1. Pairs of alpha-carbon atoms within less than 8 angstrom and 6+ residues apart define the contacts here; what relative contact order does the range 1-82 have, in percent?
2. How long is the gain from residue 43 to residue 67 if the chain were fully straight, where each residue apart is worth 0.36 nm and the alpha carbon distance is subtracted?
3. With N residues in the range 11-121, what two-decimal value do you get for its Cα radius of gyration over 2.2 N^0.38 Å?
4. Gaussian network model of the chain, Cα springs within a sub-10 Å range: biggest mean-square fluctuation belongs to which of 133, 105, 143?
5. To test your reading of the geometry: what angle, between 0 and 90 degrees and rounded to tens, separates the Cα axis of helix 134-168 from the longest principal axis of the chain?
6. With 20 Å as the cut-off, how large is the P(r) tail for the range 66-169, expressed as percent of Cα-Cα pairs?
7. Based solely on its DSSP helices, what 222 nm [θ] is calculated for the chain when runs of n ≥ 4 H residues each add -39,500 (n - 2.57) and the sum is averaged over all residues, nearest 500 deg cm²/dmol?
8. If you average the C-alpha positions of the range 53-94 and of the range 96-127 separately, how far apart do those two centres end up, in angstrom?
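Bear in mind these aren't lab numbers, they're just calculated from the coordinates by the rules spelled out. If you're wondering where the values come from, they're calculated on a predicted model, not measured in any experiment.
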């Protein structure tokens, strides 16, 4: 095991990293399902499907949420769906790469996870600010805990390498 590619860790830290890896892999799998669902809608009249769903569930077509739903149905033309699918493919690749690296205790994956998770924190704070509820608070808290744990792992590894360099010198 090379010290330049692996994080030195205890059994409990490896379990924590593997739990985070499984969660990242689960997010990648969920993104695959959503992407396939989106791709099945290619060459379909999304607005017609949206109107049918509103009618099926007995919703008021003039309500705020029905209007929002119809608005996004109008935006999702075939070209936009293809673009979204390409972005989703990049997201899925990122999630699976991160999951693989964390599972195998790679330092690059720890950095990737901390940076990728940290990017979402301002967005999650803003979302919580506008939509204060328990689910949004839990998502933010969970992401903060994961990012804090990964940053801690990076710091501990940095300190270990620094101490090792001092001994080797």
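1. Details: 25 pairs, mean separation 22.8, N = 82.
This gives 28 percent for the range 1-82.
2. Values: separation 24, 0.36 × 24 = 8.64 nm, distance 2.23 nm.
Difference between extended and current length: 6.4 nm.
3. Details: Rg = 18.6 Å, N = 111, 2.2 N^0.38 = 13.2 Å.
Dividing the Cα radius of gyration by 2.2 N^0.38 Å gives 1.41.
4. 133
5. Value to nearest ten degrees: 20.
6. Distances greater than 20 Å cover 61 percent of the Cα pairs.
7. Working: 6 runs with 137 residues, N = 169.
About -28500 deg cm²/dmol.
8. 27
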